[in-house]
Structures are given as structure tokens and as C-alpha cells.
1. Exactly one condition in (1) touching a residue at least 12 places away in the same chain (Cβ under 8 Å); (2) within 22 Å of the chain's Cα centre (by Cα) is false for SER166; which is it?
2. With the condition kept exactly as written, say whether any residue in the stretch 146-154 is out of contact with any Asp or Glu (no Cβ under 6 Å at 6 or more places or on another chain) and among the hydroxyl-bearing types (Ser, Thr, Tyr).
3. Do any residues in the stretch 103-121 that are more than 12 Å from the ligand (Cβ to nearest atom) have Cβ atoms under 6 Å from those of residues that are assigned to a helix (DSSP H, G or I) and of a type in the set (A, V, I, L, M), where the two are at least six apart or on different chains, and which pairs are they?
4. Taking the stretch 135-149 on its own, how many of its residues are more than 17 Å from PHE27 (Cα to Cα) and either among the polar types (S, T, N, Q) or buried (at least 24 other Cβ atoms within 10 Å of the Cβ) (or both)?
5. Just the residues that are in contact with a strand residue (DSSP E or B) (Cβ under 7 Å, 6 or more places away or on another chain) and loosely packed, with under 13 Cβ neighbours inside 10 Å, please, taken from the stretch 1-24.
6. Just to verify a result, which residue in the stretch 37-76, among those that are part of a helix (DSSP H, G or I) and closer than 17 Å to GLY196 by Cβ, is nearest to the ligand (Cβ to nearest atom)?
7. Quickly run through the stretch 122-151 and pick out the residues that are among the hydrophobic types (A, V, I, L, M, F, W, C), more than 16 Å from ASP59 (Cβ to Cβ) and away from the ligand (no atom under 11 Å from the Cβ).
8. So for the stretch 215-233 (the condition being surrounded by fewer than 20 Cβ atoms within 10 Å (Cβ to Cβ), assigned to a helix (DSSP H, G or I) and of a type in the set (Val, Ile, Thr)), does at least one residue qualify?
Amino acid sequence: MLDSINDVLDSTRYILGPQVAAFENEFASYCQSKHCVGVESGTAALILALRAAGIGKGDEVILQTNTYIACAFAISAVGATPVLVDVDDRYQMDFGCTAAAITHRTRAIMLVHLYGQAIDAQRFAALAKLHDLFLIEDGSQAHGAVFEGKRVGSTGDFGCFSFYPSKNLGAYGDGGAVITQDPELAEHIRLLRDFGQIEKYHHVVKGDNCRLDTLQAAVLRVKLKYLDSWNVMRRHAAQAYDTLLNSASLPMCRFDYATSVYHLYVIEVPERDRVRNHLKSSGIETGIHYPIPIHRQVAYEELQYDIGSFPSAERAATRLLSLPMFAEISESQITRVVSGIYRAFEDLGLRVYA
Ligand SMILES: *Cc1c(COP(=O)(O)O)cnc(C)c1O
């Protein structure tokens, strides 16, 4: 890794250059995609995809309400309106709700592969095609995940990725990318990320400065080689959790994430906050993804969604718990987490099956 970083320092090519181009080629081919454009973050990837699709004021983009806020902010950033929908029983975008939310203003569906799960993008692509909409896949939690042989991001008009350090493929800072099969969309995004320059000082569109940093590209090129093996390690860790949680017979829900690269390992428990605090007191940190659905965020008061608008997502927000998950997590760490959960259930008087 240090060699790759030093190569950039020695070359003094700090902006774009061969490292970024090489990463783009490698990531495109890894994702079974024809084109990749490196950008500064996952949020920038979503914004540039929306802009390249010509989406703006007066347009609607359908998005699930249980996701990271960046998705909604990207839609707002281009002046469009996020139209939120509920989640299905795996906390992913509900297909029926999505179809029902399409209006004459809808221009795109933003499909988030939440928690590392590869969603059936082809089903959403068919729906999008039927209504002449763009399909924007957000693969920021699912780099490398596969559904029926297709990598996340390769089916939609755009696949957007974040390389925030904690993602399955993370840089040593911010980073992102858009992949697409369409050469014109790729070219448009390439212009938008770099001041709309077709050549130096020749600006053909009103662009922005949101390039992928060259040092980060060098880091990502090294890490990309390990992504599949890290994803396998995450899957093994998830299997270990599955087995131990099954034998502990706790009254909780887990989901069959058959096509997941386990960015997160999420369970659903009663009395989630009490369980979480109990775990914390025995030194086990957990997360919540996400405690407040987008329709209940203060920033989106204007959308005027009431409590109860999206019952599945609202129930999820009070019950979901993300257990420690990273490629290198050990069996003994996993065992410790599961016994911690077992103890929490016992101490809190939550039902423990014999
Ligand atoms: C992390 C994340 C983003 C935002 O990525 P940044 O690189 O932090 O801008 C967008 N969407 C999803 C689903 C994410 O998990």
C-alpha cells in the first residue's frame, strides 16, 4: 500500500491522471460494467447520476424511507422531490409500494442495496422501463454483491458507490464512483465531475469539482484486489452469527440474506434500546440503521408525512440492531456478542426459549 501511495507522490500527479483512470477501468470490469467515473463521494455519485439523467425541479424520484439520508439529500440537491416508500419484510425497497408511487412526475427510481443485500435490480429495471424512468442503483453498502450472476450496480442506468472508509470497499478518506453501461451517460458524468471541461478552459456544461482523489484511487486499486476475499470473510462471520443465534433460540427475527455481502449484520429484537444498552455495558458496541426513517427527519418536515405513513419502516426503526460486523471479526468475538445478547435477554426478562 505504501508503495502505491509513494508512486503517486513521486509522480506528482495528484489530480485525476493514470491512477484514477486505472481504478476506473478495474472497478468497471469488476462490476461487469462498461464505464466507471471516479468521484469524490457516494453522495456526489448520486447527485451526478441524477444530473446526468437531467432530473431537477418538479421531478420526483422514488426512494425507500429506511436508508441513509444521503440518498434523499442527493435528490433534494438537484431540486427534485424524494417520494418515499415503505420497505418489505427484509427492510428493502418494497416493489409493490414503488410501483404504486409512480406518477406523471416520476423520473427515476433510486434502489438502495441496503445492508449489503443484492436486490433483484432486473425487476425494478423492468418497472422503470415500462414507465420510461431511470433506475439508479445505490450500491454503497453492497460492493461486489451479486444477484443472479449480476453485480450490484450493473443493471440500472447508473450504479453509485461510496468508498467511505467503513464500506466494504473503503478508501483512506472520501471517495465514490458511478458505473454505467451507457457511453454517453458516462461521458456526461465525466464532464460534470471536472468543471464541464472537454479540454482545459473549454467548458461545455456547467460542471462541478467532485473528482475522485488520486491518492484514494491508488489506495482503492490495492484494496479492490481483496474485496472478494473480504466479502467471503464477512459471509462466514454472518454464518457463524446465524448458527449461534439459532442455537441460542432467542425470540428475534433474522433474515435470509442469501445474496448479501454483509455490510451490516442486522437483527430485529424486542426492547431494542434496552438490549443495546445492556450490550454496551458489557463492552459490546452495536449500531442502528436507521433510528429515524427519512420521512420522520426534521429536514423533511416539508414532505408532511405523518407517523404511521410507513408502518414497516417505522417498526424497523424501533427494533433493528446491527451487530459488530467486519471482515476480520473472529469466532470468539462473535461468540461473545451472542452470549451478550443471551444474557441481555435473560436479565431484561425477555422471553428466552428453552
Ligand atoms: C454511505 C452511503 C452513502 C453516502 O456516501 P458518502 O461517500 O458518505 O457520501 C450513500 N448511500 C448509502 C446507502 C450509503 O450507505
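The values are calculated or read from the model by the stated rules, or taken from the named source; none is laboratory data. Just so it is clear, the model here is predicted, and its values are computed rather than measured. Every residue, glycine as well, gets a Cβ built from its backbone with ideal geometry; the counts of neighbours run over all protein chains shown.
1. (1)
2. yes
3. Close Cβ pairs (under 6 Å, with a partner that is assigned to a helix (DSSP H, G or I) and of a type in the set (A, V, I, L, M)) amount to ILE109/ALA128.
4. Total satisfying the criteria: 1.
5. Across the stretch 1-24, the qualifying residue is only ILE15.
6. ALA44
7. PHE124, ALA125, ALA126, LEU127, LEU130, ALA145, VAL146, PHE147 - these are the residues of the stretch 122-151 that are among the hydrophobic types (A, V, I, L, M, F, W, C), more than 16 Å from ASP59 (Cβ to Cβ) and away from the ligand (no atom under 11 Å from the Cβ).
8. Within the stretch 215-233, one or more residues are surrounded by fewer than 20 Cβ atoms within 10 Å (Cβ to Cβ), assigned to a helix (DSSP H, G or I) and of a type in the set (Val, Ile, Thr).
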